[in-house]
Structure formats: structure tokens, C-alpha cells
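The structure appears below as C-alpha cells.
The values are calculated or read from the model by the stated rules, or taken from the named source; none is laboratory data. All values derive from a computational prediction rather than experimental measurement. Neighbour counts run over all protein chains shown; Cβ positions are idealised from the backbone, glycine included.
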Amino acid sequence: MKYISTRNNSKEFNFSEVFIKGLADDGGLYVPKSLKKYSTEELLELKNLNYNELSTELINIFSADFISKEELSSLIKKSYSTFREKEVVKISSIGELKLLELFHGPTLAFKDIAMQFIGNLYEYYLSKNDKKINIVVATSGDTGAAAIDAIKGKSNLNIFVLHPNNRISPVQRKLMTTVEEKNVYNIAIDGNFDDCQNIVKQMFSDLEFSKSINMSGVNSINWARIIAQSVYYFYTYFKLDTDKPISFSVPTGNFGDVFAGYLAKKMGLPIDKLIVATNENDILHRAISKGDYVSRKVKETLSPSMDIQLASNFERLIYYINNSDSEKTADIMKKIKQNTYQIDKPSLEIIQKDFLSESCNEKETLNIIKQTYEENNMILDPHTAVGVGVAKKLSFNDCVVLSTAHPCKFPDATNNAINKHEKLPEELQYVLGKGENFQVLKNNTEEVKNFVKSKV
């Protein structure tokens, strides 16, 4: 399979280039030049596979020029061997709604599913190449911990994680900052997640700098993460054993997880609607419901992983709804950078064929946590609560809600809602009393660059 950039589709790339670079040199995101679409008969052949087998079959389509199917199978088995659920994910119920529990990995968030795979993929790549790679990643809370756990202690790999200072939960922070391996560097930026993400993008765009440190990225823009996340959409559909399309409500920040669902749909999976569930930082809800993609000031909420105003993966959707026109996509991205982009009516109609959206405010989120606990004796993290709340507001009572994080990571939210919180699993409780190590830096790209250069 060949890949192109959303901003210039004249040049082709192979999987290893796409995986290692993460972001194209022109600032665009990588997408496949063409996609396989499964027939009904071909989907039936996948139906009875376990999670590891299904992952192997699906990911192999995208990576066959980089890793053999046999080696991929072994790598996937290793990636998911530490998960608390044998089948990696678990489907549960709250009333008519289904919950897809994605938080059974080592750092208790859905990010582990893609990140454990990616960490081993880097190790595989470096076993074939005499190089040293420096990973730089921005996090709104969960990505950083998942990336660090996947990369820590691996040879010829350093990881630098930027998080917004004092804007993530203490548990989220400690899962990152208590890691002692010498190839892990935590940076707290005086700003919000969008600031962190902008710094990382500027570092990638500085080709002289990024090439000098052999820089790579594992944010949700990395195509390898998207394909790993698309697997659980297929798995869920097969496990529900239905003969009709199903809908998914997805707590959404950077648009990566819900775009993985869109990819699954484009590959032929019978998905009805992908519901974009946002908190009060509702730019994606405004965009999908009425075409308004103008960013506003980021609000701090109880669901910090969604406190985002510029969703990087939205660029991939823009590319597809504009008939894979990279020139038009590049022009639209300029408008987004200038904060002047409004989605035209024909494009909006195309988006709304696949997507719905809604938002929940803080009060609604807390009420969902309280209601779910009282009616089902189940504690939801605030992000999942947004997904549930949005499904209910839209009357999608039989859809699947992606449960993206373990509630123990957000004790403030659950304490506010029901005056109790889930404890960290016993094997992770040590982080609570452990010393932290991180560097506080200004919201300044050059300062971050200098710090990174001093450590590589």
C-alpha cells in the first residue's frame, strides 16, 4: 500500500516512512492512496477471529511492505500480553446502551491499544536499522502516559512528552512523571493542550531541526495509531452479531479515535452514524452540526483529554470530503490556521451522512455519572460520561459508547458527582506516593527545542 500527504498527493510514501515521520514534511497528514473495501462475504471470514488475529489481518493490509504477516502477528501478541482483558477490550451494558471498555491496558486508557503496538513497532524498526530516534509528543493527559509506558527502557529511543501544566488530573500526571527510565523526559508547558500541540507541530515543520535529532511522533496523527484503533470497531460489530449497521458514540478531542471509526466504515464495516461527543470545548460539535470551525478559548473541564479546540485529525476528513483534493485541503488548512474556516453547505451535507454531534456541559456530565451509578452501580470516567450523555441527548439508545478511560484517573469528577471514586488497580498504586520528575517550560518553541537538544 502506498501513502500520500493530505496537502500534496503527487508524492508516494511507504509504510515505514509514514510510521516513522508521523507528520508529512509539507505539514499534511498521511493517508492511503487507495483503500481496501471489504465485501459482506469477506467480513464474514473475519467474524470469528479473536482480537489478536483480527488485528493482524486488518493491520497487515496497511503494513505488508514493512513487516511480514508472521512477524506482525508475533508483535501484536506481545503488545497485548500485558492487558487485563484476554481479548484486549470488553463490551458491557448500561441499560440499552453498550459500553466498549477500552481501558484495560497498562495505563488505563484507550491510548494503550495503539501505543503498545507502536512501541513494539519502533523496536522492530530499530532492530533492522542502526539509528536512534527521538519521539516528541503532546498530551492532554492519556496519550503521554500510554506513550511513555510503551517506549520506556527501549534501546535507541528517547521520548519527550509535553503536557499542559496543572491542566491534567494528578493521576494522569503521575503515571508519566514517576517513570524513572533514563530515556523518558516530561515537560510541563505553561499553556493548554493546543499550545503543546502547536509546539510539536512547529518542531516537525522545522525540517533542519527535526532531521538533526531524527524526530518522530506518536500523537493521534500517526497513521499507525489510526489503524490500530480501527480494529476495535470491527471487533465490536462482530461480537454484537447483528445484521444491521450500528452507531458509535465517541468522546472526542483530537478526532483520532472517531476517525478510526470512519476508516472502518470506508473499509466496508456496516456503521450507521459516528457520533462526535464533545464537552464544553465544542468546536467539533459546532463544525458538524452547523459548519462553524472557528476556535474559541479553551475551557478547563472535568474531562481534560477533550479540552481541545483544534482537532488535528479533522484534516483527514477534510481531505476525503473534498474528493481527495490535496490542493483544496492545503488551502482550507490555511484558513483554519487563520481561524476563518466555515464549512460550506455541500461539504457539511457529506459530513452529516456519516457523523452526528452533540456536547455535554459540566453539570450534564456529572449528572450522567450520578445517574449511571444509581441505576447501574457503575462508575464512569467523565469522558465516557460525555459519550453516554450525548447518546441519550440524541436518543441513540441502542448505540455503542466508547469507554475511553478507567474512572480511577479522574477522582475529582467522580467525587463531585457521587462522593466516591474508584481506586487505582493495586499494581499501579505505587505512583501515588512516588516522587515526580518533570521540567516546567514556557509556551515557547525555541525553549523546548533547546531542552530537547540538550538531552539527545
- Sole exception among (1) in a loop (DSSP other than H, G, I, E, B); (2) touching a residue at least 40 places away in the same chain (Cβ under 8 Å) for residue 329, by number: (1)
- Query: What are the residue pairs meeting all of these: first residue in the stretch 30-46, first residue buried (at least 17 other Cβ atoms within 10 Å of the Cβ), second residue part of a loop (DSSP other than H, G, I, E, B) and of a type in the set (A, V, I, L, M), Cβ atoms under 8 Å, and 6 or more apart or on different chains?
  - Reply: 30/24; 32/1; 38/267; 38/269
- Specify the residue that is nearest to residue 395 (Cα to Cα); the eligible residues are those in the stretch 95-110 that are among the charged types (D, E, K, R) and at pLDDT 95 or above. 98
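Per-residue answers, yes or no, for (1) crowded, with 24+ Cβ neighbours inside 10 Å; (2) out of contact with any helix residue (DSSP H, G or I) (no Cβ under 8 Å at 6 or more places or on another chain); (3) among the polar types (S, T, N, Q); (4) in a loop (DSSP other than H, G, I, E, B):
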{"position": "181", "(1), (2), (3), (4)": "no, yes, no, yes"}
{"position": "186", "(1), (2), (3), (4)": "no, no, yes, no"}
{"position": "191", "(1), (2), (3), (4)": "no, yes, no, yes"}
{"position": "196", "(1), (2), (3), (4)": "yes, yes, no, no"}
{"position": "209", "(1), (2), (3), (4)": "no, no, no, no"}
{"position": "233", "(1), (2), (3), (4)": "yes, no, no, no"}
- Message: Being buried (at least 20 other Cβ atoms within 10 Å of the Cβ), touching a strand residue (DSSP E or B) at 6+ places or on another chain (Cβ under 8 Å) and closer than 22 Å to residue 400 by Cβ is the requirement here; does residue 104 meet it?
- Response: yes
- Query: Which one is nearest to residue 180 (Cα to Cα) among residues in the stretch 398-416 that are assigned to a loop (DSSP other than H, G, I, E, B) and out of contact with any helix residue (DSSP H, G or I) (no Cβ under 7 Å at 6 or more places or on another chain)?
  - Reply: 406
- Could you tell me whether residue 258 is buried (at least 22 other Cβ atoms within 10 Å of the Cβ), over 26 Å from residue 100 (Cα atoms) and not polar (S, T, N, Q)? no
- For the subset of the stretch 123-154 comprising residues that are surrounded by fewer than 24 Cβ atoms within 10 Å (Cβ to Cβ), among the hydroxyl-bearing types (Ser, Thr, Tyr) and touching a residue at least 40 places away in the same chain (Cβ under 8 Å), which member is nearest to residue 456 (Cα to Cα)? 125
- Of the residues 301, 365, which single one is in a helix (DSSP H, G or I), touching a residue at least 60 places away in the same chain (Cβ under 8 Å) and within 30 Å of residue 418 (Cα to Cα)? 365
- Item | Checking residue 70 against (1) surrounded by fewer than 13 Cβ atoms within 10 Å (Cβ to Cβ); (2) over 27 Å from residue 243 (Cβ atoms); (3) in contact with an Asp or Glu (Cβ under 8 Å, 6 or more places away or on another chain); (4) among the charged types (D, E, K, R), the condition it does not meet | (3)
- Number of the exception - residue 90 against (1) out of contact with any Gly (no Cβ under 8 Å at 6 or more places or on another chain); (2) over 28 Å from residue 390 (Cα atoms); (3) surrounded by 14 or more Cβ atoms within 10 Å (Cβ to Cβ): (2)
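So which residues in the stretch 417-456 are among the polar types (S, T, N, Q), under 17 Å from residue 179 (Cα atoms) and in contact (Cβ under 8 Å) with a residue 40 or more places away in the chain, if there are any at all? Can you show your working first?
Let us first name the residues in the stretch 417-456 that are among the polar types (S, T, N, Q), namely 419, 429, 437, 439, 443-445, 450, 454.
Still in the list and also under 17 Å from residue 179 (Cα atoms): 429, 437, 439.
437, 439 - these are the residues of the stretch 417-456 that are among the polar types (S, T, N, Q), under 17 Å from residue 179 (Cα atoms) and in contact (Cβ under 8 Å) with a residue 40 or more places away in the chain.
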- Query: Does residue 204 satisfy the criteria of being surrounded by fewer than 20 Cβ atoms within 10 Å (Cβ to Cβ) and part of a helix (DSSP H, G or I)?
  - Reply: no
- Enumeration of residues in the stretch 18-55 that are of a type in the set (D, E, K, R) and within 20 Å of the chain's Cα centre (by Cα): 21
- Item | Of all residues in the stretch 308-347 being of a type in the set (A, V, I, L, M, F, W, C) and farther than 15 Å from residue 29 by Cβ, the one that is surrounded by the fewest Cβ atoms within 10 Å (Cβ to Cβ) | 343
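Take residue 142 and tell me if it is acidic (Asp, Glu), touching a Pro at 6+ places or on another chain (Cβ under 6 Å) and within 17 Å of residue 228 (Cβ to Cβ). Full working, then the answer.
Working: acidic (Asp, Glu): yes; touching a Pro at 6+ places or on another chain (Cβ under 6 Å): no; within 17 Å of residue 228 (Cβ to Cβ): yes.
Criteria not met by residue 142.
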- Can you spot a residue in the stretch 157-167 that is of a type in the set (A, V, I, L, M, F, W, C), within 30 Å of residue 396 (Cα to Cα) and touching an Asp or Glu at 6+ places or on another chain (Cβ under 9 Å)? no
- When every residue in the stretch 348-376 that is among the acidic types (Asp, Glu) and crowded, with 16+ Cβ neighbours inside 10 Å is compared, the one farthest from residue 301 (Cα to Cα) is 354
